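J.: Quick one: structure below, then a few questions.
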Amino acid sequence: MSKDNAISVAPPRGMRDFLPSQVALRDWATAAILSTYKRFGFTRIETPVLENIASLRGGDGGENLQLIYEVLKRGEKLEKALSEGAAKDELADLGLRFDLTVPLVRYYSHNQSQLPNPLKSIQVGSVFRAESPQKGRFRQFTQCDIDIIGVKSELAEMELIQATSEALIALGFSNFKILINDRRLLSALALHCGFVQEKAALVFIALDKLEKIGLDGVSKELAGEALDPQATAKLIQVLTVLAAAKKSGQTSYVDLKAALPVLDEQAMSGLEKIISTVSEISKGRFSIEFDPTLVRGMGYYTGPIFEVKVPGYTSSVGGGGRYDNMVGKFSGRDVPACGFSIGFERVIDILTEKEFKPQTEERSIVLIVDPERDSGLAVLNAAQELRSGGNIVCIQPRKKDMKKQLDTLLAQGYSHFCVFRGQGSELEVKSLGG
RNA sequence: GCAGGUGUCGCCAAGUGGUUAAGGCCCUGGAUUGUGGUUCCGGUAUUCGCGGGUUCGAGUCCCGUCAUCUGCCCCA
């Protein structure tokens, strides 16, 4: 093949191939998460990877709307759109989902009559964002979501946090920290400071960076946004108290609460309930903490929001929150909902970094055969005989250098091998480790 | 969008200005061995992302370009 028309064999930017050992780890992690969630009564559902573009755009996905992979119309519809000089965003009629929440709400709205109420769903699936890829950040990645639709009380949040925590523990995590805040408090704060509603998002983004860029950084950032200077000053004043409280280690929510102009008693008492309950059930295995600077990116949150931090890792390994207005957008009837998503790729990254290897109990045998000599029937029968003992059996033609072949097989995780010596001869299984 | 790293056979990879560009994987030819965890010999890049330049001479230096990775921003 000439070089000019050689096709690149690398996967598209930001997307990955997985080797058998990587898939084994991912399968193990998925199984651990699923079995935990199932014990909480969550049931698995599935939705398509493609959605109508209108659903995705109407889903209030915040920044992610810019990152949708759009799928062009096809055939006559495309010709028509092109000939009519349609705008760019009228050329697509479908798009790849950028999260699992928007599709879930669409799914719920459509299948409501056949679904239990409340619905406790599990979703594991790929989502897509046309973003600039980086370490731990891809254009296709897996999300693991649990959602409760139809429960208004904080019991939903509590259960989501409990289930997620148990899942993380099942994955071998410990001492992680759950940060919690409430969108209503953030709105109240912005209002209290005197920001207009439309500028609230900018304020939130700056707030989110407090930990990273510090008070001065936030102050600078807000100054650059042409916001009401009086409101900014007031916000900085509040943040100063918060930052001081955080710095001095007074991170208990009571102290932070004292520093906040509490304008939403309902939100505050909800948080208190969640925090005290979760603290109780954590039995010291993990912690939960009020963080008034927690924001989260999605535009659709309406109430409590949360995120999981693992010590030693800067990015969060999970997040979620309440989105009570979303179902209404699709079905015209508001139904309370909230969800929690495990950052599956982050979990896998951390497990990989820890060189975690899932244990397999089964013996795995490679049956080495000579295709020149051995008949297919004899080989398949021999393999089946070995399988009947509960073993994993893989048939492989013998290679020239058997030592190397066996070393490779050992590295691939096989525990035993058996050289097939021809029909009728005894099957002698030997250990690969030597 | 800004900053840095990398780009050599299908894959991984040595090479840091001087004749014919290591090696491993994969593929493959053969010899050797008591039905097989032995040993050995071979075959696969007129060419180093692409385009220019410097030089007697460039994979190796410079400029541009593209691709990819990393950091910032933002997010799972």
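The values are calculated or read from the model by the stated rules, or taken from the named source; none is laboratory data. Note that the structure is predicted; figures quoted are calculated from it, not measured. FYI the Cβ positions are ideal-geometry reconstructions off the backbone, even for glycines, and counts take in every protein chain you see. All accessible areas refer to the heavy atoms of the entire protein, side chains included, with ligands and DNA or RNA removed. Shrake-Rupley method; radii C 1.70, N 1.55, O 1.52, S 1.80 Å.
J.: Any idea which residue in region A:137-166 is farthest from RNA strand B (Cβ to nearest atom), counting only those that are assigned to a helix (DSSP H, G or I), hydrophobic (A, V, I, L, M, F, W, C) and surrounded by 20 or more Cβ atoms within 10 Å (Cβ to Cβ)?
T.: By that ranking, first place goes to A:A156.
J.: Taking region A:357-383, which residues are in contact with a strand residue (DSSP E or B) (Cβ under 8 Å, 6 or more places away or on another chain) and surrounded by fewer than 16 Cβ atoms within 10 Å (Cβ to Cβ)? Give the derivation first.
T.: Restricting attention to region A:357-383, the residues satisfying the condition of being in contact with a strand residue (DSSP E or B) (Cβ under 8 Å, 6 or more places away or on another chain) are A:362-371, A:379-380, A:382-383.
Matches in region A:357-383: A:E362, A:D370, A:P371, A:L380.
J.: Right, something else. Which ranges mark the helices (runs of 4 or more DSSP H) fully within region A:171-240 that have 3 or more residues being touching a residue at least 60 places away in the same chain (Cβ under 8 Å)?
T.: A:183-193, A:200-208
J.: Anything in region A:347-356 that is modelled with pLDDT of 90 or more and open to solvent by 10 Å² or more (accessible area, probe 1.4 Å)? List them, or say none.
T.: A:I348
J.: Hey, another quick one. When A:T251 is evaluated against the numbered criteria (1) modelled with pLDDT of 75 or more; (2) open to solvent by 20 Å² or more (accessible area, probe 1.4 Å); (3) under 27 Å from A:Q162 (Cα atoms), which criterion, by number, is the only one it fails?
T.: The number of the failed condition is (1).
J.: Would you point out which residue out of A:F195, A:F173, A:F204 is open to solvent by less than 30 Å² (accessible area, probe 1.4 Å), within 16 Å of RNA strand B (Cβ to nearest atom) and either among the aliphatic types (A, V, I, L, M) or in contact with a Leu (Cβ under 7 Å, 6 or more places away or on another chain) (or both)? Give the derivation first.
T.: Numbers: A:F195 fails: within 16 Å of RNA strand B (Cβ to nearest atom); A:F173 fails: either among the aliphatic types (A, V, I, L, M) or in contact with a Leu (Cβ under 7 Å, 6 or more places away or on another chain) (or both).
Just a single option satisfies the conditions, and that option is A:F204.
J.: Right, another one. Examine region A:300-322 for a residue that is more than 37 Å from the chain's Cα centre (by Cα), modelled with pLDDT of 90 or more, buried (at least 16 other Cβ atoms within 10 Å of the Cβ) and not in a helix (DSSP H, G or I), and state whether such a residue exists.
T.: No: zero hits.
J.: For the subset of region A:26-43 comprising residues that are charged (D, E, K, R) and within 15 Å of A:F344 (Cβ to Cβ), which member is least open to solvent (accessible area, probe 1.4 Å)?
T.: A:R26
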